[in-house]
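J.: First, the structure itself, so that you have it in front of you.
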Amino acid sequence: MTFKPIFLAVFLISLMGCKEEVLPKPKAMLRLEYPEMATKKLDADCAYEFEYNAQANMKLKKDCALTLDYPEMKGALFISYKNVEGNLSKLMSDAQKFSYEHVSKADNILEQPFVNEEDKVYGMYYEVKGNAASQSQFYLTDSISHFVTGSLYFYTKPNYDSILPAAVHLQKDIRHIMETMRWKN
């Protein structure tokens, strides 16, 4: 008869001891998914044309400068155009200098040359890693008449970890713009 209370006590203690240990949950990371890119062709009276993401709102300004605004990602790609008038080395130097102005806040800046011999499109792509104001820049030229630059900005204080998914997504858009760039004359 004394076994029943002891057995019951051991049984109850073993049930209470089988709880899972409560652990703090790790910080959650947002899983952002962006739809596949549907493209539009730039429809403007400019010396160049390219395909861009149809999700972007294109705003054409004077001198064929334009903004591709990405409202869902709170970012924009600013593109400008200049005629080459014997000043190609200065235009290239200014574009490179502009990219390296972010070096104080950047962890690293990766340069990737771009060459499309068939369509005579040459340039450089800069990927900026870290809390810099701009995550990507590029320039493209035909080395004779045309020079295009582009810079990606987000409408928020730079926090690389937070904007990284959107930056990676928009970097794919920038590469597509570079690959589809054509000169009209």
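We did not get these values from a lab; they are worked out from the coordinates using the rules stated. Just so we're clear, the structure is a prediction, and the values are computed from it rather than from any experiment. With ideal geometry, Cβ positions are generated from the backbone for all residues, glycine too; neighbour counts draw on all protein chains shown.
J.: Where a ≥ b ≥ c are the square roots of the eigenvalues of the C-alpha gyration tensor, would you call segment 46-160 rounded, which needs a/c under 1.5, or, failing that, prolate if a/b is larger than b/c, or oblate?
T.: Oblate shape, in that a/c is at least 1.5 and b/c is the bigger or equal ratio.
J.: Report, in listed order, any pair from 74/129; 129/184; 97/184; 40/120; 40/97; 41/90 with a Cα-Cα distance greater than 26 Å.
T.: Cα-Cα > 26 Å for 129/184; 97/184; 40/97; 41/90; rest within.
J.: Still on this structure, I have one more. Can you work out the FRET efficiency for the pair residue 182 and residue 44, with r the C-beta to C-beta distance and R0 = 22 Å, to the nearest 0.05?
T.: In this case the efficiency is close to 0.95.
J.: Which order, highest average first, do 56-64, 110-118 follow once you tally other Cβ atoms within 10 Å for each residue and take the mean per peptide?
T.: 56-64, 110-118
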